[in-house]
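J.: First the structure, then my questions, so here it is.
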Amino acid sequence: MLLLTVKAENRKLKGSVLWIACIIIPIIPAVMGTFNYWMNREMLTGEWLSLWSQLTLFYALLFYAPLVALYCSYLWRLEHLEHNWNVLMTLPVPLRDIFFGKLYVIVKMTLITQLWLFLLFCLCGKLAGLPGLPPVITLTWTLRGTAAALAIGALQLLLSMCIRSFAIPIGLALVGSIFGFLSANLSKAAIFLCPYALMLAGMNSNAYEDRMEGQVIPFAVSTAGFFLLFCGTGILILKKRDVKA
Amino acid sequence: MTMKELIVEYRKQRHLFVWLIPLAFLAALFLWGGAGQRNLSDYDLAQGYSYLLCQLPVLNCIIMPIMLAVIASRICDIEVKGQTWKLLFTLQDKGRFYDRKFLTEFLYLLLFCVGELGILLLYGRIYGYTEPIPAILCLRHLAAALLAGSAVLTLQHVLSLLSVNQIVPLLTGLAGSFLGLFSEFFPAAVARLVLWGYFGAFTPYRIDWDEAAGEVLLVPKIFPTGLFIGFFIFTVLFSLLCRYIFVRKEL
C-alpha cells in the first residue's frame, strides 16, 4: 500500500512547479558562492574546501530548511484545497502510509536537490580552475546534510499538515533555521537538541575541518529520534483529529 | 479608501493571526542580535547602536524577503483559496481592492520596522550602551527599510494575487532572500541591480578591521541621497505598473 501512495504522490508532482524550485534554488548559492570565492581567492586558500564553505555558508545556514518546507507545504496544499481531505481520509489506505508516502517524496526531492548542489559544486570548482576532483569528504557532507533533512522533512510535513496556510510553515522554517544557527553557536551538545541545527552541522558549512568528527553517533541518534518523534506525532494527529475540509 | 473598507479587510484576517508573523521574526531577530552581544568591551559599548545599525540591514536582507512573502501570501491567499474574485469585483473596484490589501500588508511591514528600532533601544538598555542614541541614523534606517521593504512587498503582493499556486511568490521570496544576501558581497554596481539588495544599500557605516588595534572599525558613509530618491521613484513606478497589471488581468 505504501508503494501505491508513493506512486500517487509522484503523480501529483508530474509537471509541478516544485521542480523549478528544486533546480533553481541551488543554482543561486552555487553561482554566487563561486563568485565570492573567485573574488577572495587570495584569502581563501583551501581550494575545494574553501569553495564548499562559500557554497554552503548561507544555503545550509538559512535556506535549506525553508526549501524543504516549501516542498512539504506544496504536498499538503493539494490536500488542503477543494475538500481533498475528505477524499484522502476515506481512502482505504492506512494513515501511516499516507504520511510516509509524502515523506518518501520529500526525501527523494531533498536528495535530488542535494546531489544537484554537489554537481554544481563540482562544475563551479572546475570553472574556477580548481585542480583534480573535490575531496570525497564533501560528498559525505552532502549526504549527511540529506540525512539531517529526514528530521526536518518530518517536522515540516507535520507543520504543513496541521497549518492550512501554504506560507506559514515556510516562515517557521526560516525562524527555526535562525534558532538552529544560534544553537550551533551555543555548544556542541545544543546542536543535537535542535533539529534545524542538524542540517548546519551535517553539511559542515563554513568549516574546513569536520565539525562532527567523533560525533556521528549522537548525530545519528538525534536525527533518528526527531524523525520518529515527528512521524509518530503526525500519524497520531491524522488518526485522532477530525479533518477540516 | 474608507476606514470601513480597511476594517473589513482586518475582519477577514481575524483568525489568521497575521500579526504573529512579524512578531515571530522580531523575536528571532532579538535572539540573533543578542548572540553577538556577549563580552562587550567599553569600546563596543561606545559604538553599540552604530554597530547594530550596520548589522540590521544585512539581517533584513535575509529575513524581510521571506517574511514579506509569507505576509502577502497569507493575506492574498484568502481570496485565491476562497475563489472570491468574481464576487468581490462585482461589488468593488479592482484598483481599490488592490490598494487596500497592499495597505494592510504595509502596516505589518511598518510594525516590523518599528519593532526593529524597539529592539535596538532595548539592547541599549539591557547591555548599557554608552553611545548616545543616534536618532537621525535610526530614522534613516527606518526610512530605508520601509522603502526597500515596500519595493519587495509590491512584487510579493502582485505575485500572491496573480498566482493560483502560492509556491510562485514563496519561491520568489526564498530566491530573493538568497540574492539579496549575496549581493552584499558584490561590488556596489552589481548589487544595485538586485531588488532585494537594497536593504543593505543605505547602511550608515562600512565595517573595517583595524589590524593594529584588533578592533572593528565603523567608517561613516555619506547617505546616498540620489540613490534613495532614485529608488523611491522606481518603487512608485513599479507599484503603479504592478497595480496596472493586476487591474488589467482578466479573471
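J.: Being more than 15 Å from the chain's Cα centre (by Cα), more than 29 Å from A:L61 (Cα to Cα) and of a type in the set (A, V, I, L, M, F, W, C): is that true of B:W32 here? So that I can check it myself, show each step before the final result.
T.: Numbers: more than 15 Å from the chain's Cα centre (by Cα): yes; more than 29 Å from A:L61 (Cα to Cα): no; of a type in the set (A, V, I, L, M, F, W, C): yes.
When the stated conditions are applied, B:W32 does not pass them.
J.: Quick one: is B:A27 under 30 Å from A:S165 (Cα atoms), within 11 Å of chain A (Cβ to nearest Cβ), open to solvent by 30 Å² or more (accessible area, probe 1.4 Å) and in a helix (DSSP H, G or I)? Full working, then the answer.
T.: Numbers: under 30 Å from A:S165 (Cα atoms): yes; within 11 Å of chain A (Cβ to nearest Cβ): yes; open to solvent by 30 Å² or more (accessible area, probe 1.4 Å): yes; in a helix (DSSP H, G or I): yes.
Yes, satisfied.
J.: For segment B:150-157, check the following and say yes or no: at least one residue is open to solvent by 40 Å² or more (accessible area, probe 1.4 Å), in contact with a Gly (Cβ under 7 Å, 6 or more places away or on another chain) and touching a residue at least 24 places away in the same chain (Cβ under 8 Å).
T.: Narrowing segment B:150-157 to residues open to solvent by 40 Å² or more (accessible area, probe 1.4 Å): none.
Looking for residues that are open to solvent by 40 Å² or more (accessible area, probe 1.4 Å), in contact with a Gly (Cβ under 7 Å, 6 or more places away or on another chain) and touching a residue at least 24 places away in the same chain (Cβ under 8 Å), one finds none in segment B:150-157, hence no.
J.: Go through (1) touching a Gly at 6+ places or on another chain (Cβ under 9 Å); (2) open to solvent by less than 20 Å² (accessible area, probe 1.4 Å); (3) not in a loop (DSSP other than H, G, I, E, B) and name the single condition B:Q37 misses.
T.: (3) is the only condition that B:Q37 fails.
J.: Could you please let me know if A:I235 is open to solvent by 10 Å² or more (accessible area, probe 1.4 Å) and assigned to a helix (DSSP H, G or I)?
T.: Working: open to solvent by 10 Å² or more (accessible area, probe 1.4 Å): yes; assigned to a helix (DSSP H, G or I): yes.
For A:I235, the condition - open to solvent by 10 Å² or more (accessible area, probe 1.4 Å) and assigned to a helix (DSSP H, G or I) - is met.
J.: For B:A46, only one of the following conditions fails: (1) within 23 Å of A:G176 (Cα to Cα); (2) more than 10 Å from chain A (Cβ to nearest Cβ); (3) surrounded by fewer than 18 Cβ atoms within 10 Å (Cβ to Cβ). What is its number?
T.: That leaves (1) as the condition not met.
J.: If you don't mind, there's one more thing I want to ask. Counting only residues that are among the basic types (K, R) and open to solvent by less than 20 Å² (accessible area, probe 1.4 Å), how many does segment A:155-211 have?
T.: 0
So that you can scan it fast, the table gives a plain yes or no per residue for (1) of a type in the set (D, E, K, R); (2) within 28 Å of B:V58 (Cβ to Cβ):
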| residue | (1), (2) |
| --- | --- |
| A:K12 | yes, no |
| A:G15 | no, no |
| A:M32 | no, yes |
| A:N36 | no, yes |
| A:L44 | no, yes |
| A:V68 | no, yes |
| A:L78 | no, no |
| A:L88 | no, no |
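J.: Now for a different question. Does segment B:49-66 include one or more residues that are more than 11 Å from every other protein chain (Cβ to nearest Cβ), closer than 20 Å to B:H157 by Cβ and surrounded by fewer than 22 Cβ atoms within 10 Å (Cβ to Cβ)?
T.: no
J.: What are the residues in segment B:133-149 that are open to solvent by 30 Å² or more (accessible area, probe 1.4 Å), more than 16 Å from B:F199 (Cα to Cα) and either touching a residue at least 24 places away in the same chain (Cβ under 8 Å) or within 14 Å of chain A (Cβ to nearest Cβ) (or both), if any?
T.: B:I133
J.: Based on this model, can you work out whether B:I136 counts as within 12 Å of B:P204 (Cβ to Cβ) and among the β-branched types (V, I, T)?
T.: yes
Per-residue answers, yes or no, for (1) buried (at least 22 other Cβ atoms within 10 Å of the Cβ); (2) modelled with pLDDT under 90:
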site: A:N84; (1), (2): no, yes
site: A:L88; (1), (2): no, yes
site: A:L103; (1), (2): yes, no
site: A:L123; (1), (2): no, no
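J.: For segment A:1-16, which residues satisfy the criterion of being outside any helix (DSSP H, G or I) and free of Cβ contacts under 8 Å to residues at least 24 places away in the same chain? Before you say what the answer is, go through the steps one by one.
T.: Going residue by residue through segment A:1-16, those that are outside any helix (DSSP H, G or I) are A:1, A:13-16.
Listed by number, the residues that qualify are A:K14, A:G15.
J.: Only residues that are surrounded by fewer than 18 Cβ atoms within 10 Å (Cβ to Cβ) and touching a helix residue (DSSP H, G or I) at 6+ places or on another chain (Cβ under 6 Å): list them for segment B:120-130, please.
T.: B:T130
J.: Please identify the pairs in which a residue from segment B:179-192 that is basic (K, R) has its Cβ atom under 8 Å from the Cβ atom of a residue that is part of a helix (DSSP H, G or I), counting only partners at least 6 apart or on another chain.
T.: These pairs meet every condition: B:R192/B:Y198; B:R192/B:L227.
J.: Okay, moving on. I'd like the residue in segment A:1-56 that is among the polar types (S, T, N, Q) and more than 27 Å from A:D210 (Cα to Cα) and, out of all such residues, is farthest from the other protein chains (Cβ to nearest Cβ).
T.: We begin by selecting, within segment A:1-56, every residue among the polar types (S, T, N, Q); these are A:5, A:10, A:16, A:34, A:36, A:40, A:45, A:50, A:53-54, A:56.
Those still in the list that are more than 27 Å from A:D210 (Cα to Cα) too: A:5, A:10, A:16.
Working: A:T5: 22, A:N10: 17, A:S16: 8 Å.
Filtering first and then ranking leaves A:T5.
J.: Looking for something more than 10 Å from chain A (Cβ to nearest Cβ), within 16 Å of the chain's Cα centre (by Cα) and open to solvent by 60 Å² or more (accessible area, probe 1.4 Å) - is there at least one such residue anywhere in segment B:1-23?
T.: So far as segment B:1-23 goes, yes, one or more of its residues are more than 10 Å from chain A (Cβ to nearest Cβ), within 16 Å of the chain's Cα centre (by Cα) and open to solvent by 60 Å² or more (accessible area, probe 1.4 Å).
The values are calculated or read from the model by the stated rules, or taken from the named source; none is laboratory data. This one's a predicted model, so the numbers in the text were calculated from it and none came from an experiment. Every residue, glycine among them, receives a Cβ derived from its backbone with ideal geometry; neighbour counts consider all protein chains shown. Areas reflect the complete protein model, heavy atoms only, side chains present, ligands, DNA and RNA absent. Shrake-Rupley method; radii C 1.70, N 1.55, O 1.52, S 1.80 Å.
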